[in-house]
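What follows draws every value from the coordinates through simple rules; no lab data is involved. Computed from a prediction, not measured in an experiment: that's the story for all the values here. Virtual Cβ from ideal backbone geometry, glycine too; neighbours counted across all protein chains shown.
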Amino acid sequence: MNKPINVLLLEDRARDAEIMIRELRRAGFSLEWKRVETEVDFLAEIQNLPDIILSDYSMPQFSGLRAAELLQKSGLHIPFILISGTMGEDVAVEAMQHGATDYLLKDRLGRLGIAVERALEQTRLRNERDQAEEDLFKAGALQRAIFSSVNFSSIATDANGVIQIFNVGAERMLGYTAAEVVNIITAVDIHDPLELIERATALSREFATPIAPGFEALVFKAARGIEDIYELTKVRKDRSRFPAVLSVTALRDAQDVIIGYLLIGTDNTARHEAEEERKTLDQRLRDQQFYTRSLIESNIDALMATDPRGIITDVNKQTEALTGSTRDELIGAPFKNYFTDPGQAEAGIHRVLNEGKVTNYELTARARDGNETVVSYNATTFYDRDRRLQGVFAAARDITDRKGAEEQLKLYSDKLVRSNAELQDFAQIASHDLQEPLRKILAFGDRLKAKAGESLDEECRDYLERMFNAAGRMQILITDLMTFSRVETKTQTFVAADLGVIAREVSADLETLIEQTGGRVEIEELPIIDADPVQMRQLLQNLIGNSLKYYRAGVPPVVRIYSEKLDERRRQSLSKTGIPAGQLTQIMVKDNGIGFDEKYLDRIFAMFQRLHKKGEYEGTGVGLAICRKIMDRHGGNITARSTPGEGTTFVVTIPVTQPKEVAVS
């Protein structure tokens with residue numbers, strides 16, 4: 001398709017002009033075009049009679065409404081389409097009153113080709129009508145002119161309104177044949193009677209004279225030589241209706257007596273549909289703006305927008321509350337003015353402009369009454385549809401309570417660190433100081449036994465043996481306490497630890513206990529993980545030792561050590577309990593021993609907690625507490641599954657890799 005046209009563009013932005021030209025070419029037009037920006041250039045170029053004028057609504061030196069007005073005054077009938085980024089109904093009406101042929105939103109330029117075709121068609125129809133009327137008066141070629149076009153309805157009536165001529169366009173538009181209407185019905189019969197009543201009422205007010213709501217209302221202005229073009233609803237033969245633009249002209253004889261009227265109509269359905277679509281889009285836009293505004297206002301944070309210079313362009317109610325200022329007072333004011341440190345606030349804006357965003361930038365807002373609020377400032381840049389920087393959108397969240405909680409938490413943390421350090425120092429000193437008198441008890445006990453053992457009676461020897469046993473238990477307890485206190489202090493850096501190798505070494509160390517119980521230790525494939533090897537040895541030694549110790553009478557203990565991989569669902573589930581959701585592994589230490597009731601699960605990992613009477617099984621009740629503390633240091637956890645009389649399975653969940661910063665000297 002090749003439709004050559006000459007286009008005059010009244011547009012101050014070359015980019016927008018190129019977009020319009022591109023859309024016209026896409027619609028099949030072959031173009032010659034020129035762009036102007038000033039009133040002087042516009043007046044000069046319209047003398048070259050372009051086929052159509054496309055004008056921006058608002059320009060720095062000139063306006064589209066002014067251009068339409070100048071074109072109307074010039075008497076040149078050049079179709080004029082006004083194009084704007086946003087346009088309300090009042091502006092659109094004003095544009096049409098100033099002579100604009102049509103108007104279009106910039107975000108609807110896909111319809112530009114259709115709008116241009118329609119404007120050119122309307123101009124062509126108007127020129128044809130003007131020419132037809134001129135021919136009628138000059139050459140008396142009424143019949144030929146009326147039937148020369150099928151693009152619009154041409155209906156000629158006598159002076160009383162009875163239809164005399166009904167062209168092909170009228171037949172197509174209204175569904176009647178000429179034979180069905182000529183000399184049979186009046187022009188009133190093909191128009192909405194209620195609208196004729198409304199028109200008669202309006203004309204009666206305008207001209208201060210009674211006007212009948214029938215044919216007189218149709219032709220009242222034309223009968224007085226007044227150009228009359230208006231919209232009216234036409235009624236088809238099948239009683240369906242459509243909007244039409246009607247032009248009415250009085251036909252006169254040589255003596256200037258009215259002998260009839262010419263009614264030329266064009267179907268305005270497409271224009272109405274476009275209007276409805278525009279109204280729908282406008283309503284959607286208003287709804288979207290309302291929705292967006294509601295989101296902004298319902299936000300718990302103080303939201304604000306600034307231009308690139310840091311001047312506030314919009315705020316929400318939270319910002320008004322934060323600053324103690326109204327929206328009108330805030331808009332247009334510098335962002336930095338509402339903070340205790342304006343330099344820091346301005347630096348925050350510059351940082352956003354340089355980096356595109358900023359997060360958790362701390363500022364202190366100061367309200368008009370002097371009230372200060374610590375806020376966390378998060379911001380990002382925003383752009384228009386052409387990717388031109390518009391400014392900064394920022395959110396400021398009140399973190400006064402959080403800051404207070406953080407300070408309180410730091411005090412508690414510092415206090416806890418000091419308390420733990422003092423506790424560890426106490427444990428070390430107490431353990432060391434207790435060892436010395438204990439060694440003396442054992443040493444002097446040995447001397448007493450060596451020198452006087454044979455002379456002591458059986459009761460005294462029993463007392464002496466009890467003293468040795470108590471001292472031995474005390475020595476084991478002190479050793480366990482020292483081990484527990486050193487889990488966090490006497491540590492090694494995390495390295496690649498082969499748990500299989502460590503488990504086999506521990507099993508070899510426990511060989512004597514294994515032989516005494518008649519048991520066995522089965523070690524399956526275990527992973528290599530980031531860990532403290534010494535503490536992994538302590539962990540496995542305590543768990544395997546426990547399994548060998550708590551066996552059922554007459555049933556040799558069997559200890560199985562193996563690992564299981566965790567799927568993603570299980571890892572995510574564990575992450576909710578505080579374990580990192582990264583790569584994890586589980587180590588199982590399973591035995592066939594006496595087991596325990598799981599209602600005591602938390603108790604077995606506590607210090608000095610035992611489920612059996614003293615003397616029934618050896619131990620101090622510290623071993624599993626050490627295991628839990630080792631797991632805390634490695635970011636894992638330990639639990640157990642057990643049934644009395646059926647054995648126990650200890651489950652160790654531990655990360656495969658450790659972050660570097662966790663390494664401890």
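General remarks:
- Take the Cα of R309, step 7 Å toward its Cβ, do the same at A270, and the gap between the two points is 4.7 nm.
- Residues in the range 13-24 carry Karplus couplings, in order, of 10, 4, 4, 5, 4, 5, 5, 5, 5, 4, 5, 5 Hz; the curve used is 6.51 cos²θ - 1.76 cosθ + 1.60 with θ = phi - 60°, and Gly or Pro positions show x.
- Here the 3J(HN,Hα) profile of the range 267-281, calculated from phi with Karplus coefficients 6.51, -1.76 and 1.60 at θ = phi - 60°, is 5, 9, 4, 4, 5, 5, 4, 5, 5, 5, 5, 5, 5, 4, 5 Hz, Gly and Pro shown as x.
- Close amide H contacts of D228 (hydrogens built in the peptide plane, cut-off under 5 Å, sequence separation of 5 or more or a different chain): V248.
- Database remark: amide H of F339 closer than 5 angstrom to the amide H of R366 (H placed geometrically; neighbours at sequence offset of 5 or more, or on other chains; Pro and chain starts carry no H).
- Flagged links, alpha-carbon separation over 30 Å, of K34/K234; K73/K106; K357/K565; K3/K234: K34/K234; K357/K565; K3/K234
- Label positions at E134 and E515, each projected 7 Å from the Cα along the C-beta direction, are separated by 12.9 nm.
- Calculated FRET value between F242 and E117, using beta carbons and R₀ = 25 Å, to 0.05: 0.80
- For the range 536-550, Karplus couplings with θ = phi - 60° (6.51, -1.76, 1.60), whole Hz, Gly/Pro x: 5, 5, 4, 4, 5, 5, 5, 5, 5, x, 4, 5, 6, 6, 9
- 5 angstrom amide H check on Y103, placed H, neighbours 5+ away: L82
- Taking M536, M96 and counting other C-beta atoms within 10 Å, the order from fewest to most: M96, M536
- The alpha carbons of the range 232-342 occupy a box of 89, 37, 22 Å along the principal axes, longest dimension given first.
- The range 141-267: C-alpha gyration tensor shape, a/c 1.5 cut-off, then a/b vs b/c: oblate
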